[in-house]
1. Cβ under 13 Å from Glu293's Cβ, Glu293 left aside: what net charge do those residues give with Lys, Arg +1 and Asp, Glu -1?
2. Taking the C-alpha atoms of region 187-344, how large are the radius of gyration and the largest Cα-Cα span, Dmax, in Å?
3. Work out, step by step, the length gained on full extension between Ala11 and Met42: first 0.36 nm times the residue separation, then minus their alpha carbon distance; give nm to one decimal.
4. Among residues other than Glu205 whose Cβ falls under 13 Å from its Cβ, what is the net charge (Lys/Arg +1, Asp/Glu -1)?
5. Could you work out how far apart the two model spin labels at Ala231 and Thr299 are, taking each label as a point 7 Å from the Cα in the direction of the beta carbon, and quote it in nm?
6. Please rank Ile335, Ile110, fewest neighbouring Cβ atoms within 10 Å first, as an exposure proxy.
7. Based on the alpha carbons, how large is the Rg to Rh ratio for region 117-252 when Rh follows Kirkwood?
8. Read phi for every residue in region 318-326 and hand back ³J(HN,Hα) as whole Hz from Karplus 6.51 cos²θ - 1.76 cosθ + 1.60, θ = phi - 60°, with x for Gly and Pro.
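What follows draws every value from the coordinates through simple rules; no lab data is involved. This one's a predicted model, so the numbers in the text were calculated from it and none came from an experiment. Don't worry about glycine lacking a Cβ; one is built from the backbone with ideal geometry, like all the others, and counts go over all protein chains shown.
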Amino acid sequence: MPERIVALSRAVSDLATRKMDEIQAVTNTTKILALNALIEAMRAGEAGRGFAVVAQEVKAISERITGIGEELRGQMAVQTDELNTLGKRLVSQLRGGRLADLALNMIDIIDRNLYERSCDVRWWATDSAVVDCAADPAPDRCAHASKRLAVILGAYTVYLDLWVVDRHGTVLANGRPDRYRRVVGSSVAGESWFRDAMATRNGGEFAVSDIAGNDLLDRSTVATYAAAIRAGGEENGAIVGVLGIFFDWQTQSQGVVDSVRLTEDERSTTRCLLVDRRHRVIAASDKRGVLVESFPVRTNGYAHGCYTDDKGCVVGFALTPGYETYRGLGWYGVIVQEAVGPAR
């Protein structure tokens, strides 16, 4: 582990400092003893001359040891500081690279998931019950479409509801009328997903809106995908309405950010985020700031990378790569990890 290298470097530095201090203490004691010996030799006169020479040599050796110790202390301080700096940099790079890869994996899972949503809405918009309801919203056709949407919802549990909307923006049928009673008859003419779906050129195109709470779905946070319903279910048929599908974003995205492969030690110091193209937090492992917090990602023009922020946290990020025909929405996977242990 890189952190272990830094820890060992600091341990060696601390050990060397302690031993230098011990050597300094010993040489200081030796100097005092040599000085006392010289004083006693001077008192002894001629008889102490030989002893004085020895005491002088001991004093000189002590001073030399002190000089060597100080020189070694200075050299080791410089080298261990450099080693610590390089170690920290290595730790940051390795940790940041790993976090960036985890962020990429996180956003890739979302892309693959939402690619399926874009396929679902285009496919279901050609369902005969949906087409018939939009083309001729007679009560029996709307009831049949509602039952058909309920069957789909039973198989696809990632959705909160599915709506058939006429060309003017009035909801004709939904898949859960008992749960969401205010949906049918309401107008969505002002919603971006409805307008964008009405503007599509053919059945291969779809519309998607920003992650948001939906009042008619009990303020649940949803990812909304929409496709034009075309006459006869044909690729280039005239638009007779819009199918809107509402992905249970809060539940599904929380599952993704919570499932990032972190160690148990990392979980308490790491925050996994999904951020939209405006840098708005749309999912967070700690559930804080969703739809209200802005997290500007410092990409420096890179789609995938890492950096250390002003608080010393390591940030790994990855721009949505898209999947198959789904280009992505400019979102980022972001993982923020506090500096811990020797990496501080």
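1. Once positives and negatives cancel, what remains is +3.
2. 18.9, 66
3. Extra length available between Ala11 and Met42 comes to 6.5 nm.
4. So the environment of Glu205 carries a net charge of +2.
5. The modelled label-to-label distance comes out at 4.3 nm.
6. By the 10 Å Cβ count, ascending, the order reads Ile110, Ile335.
7. Here the Rg-to-Rh quotient is 0.92.
8. For region 318-326, the Karplus-derived couplings read 8, 6, 3, x, x, 8, 6, 8, 8 Hz, x marking Gly and Pro.
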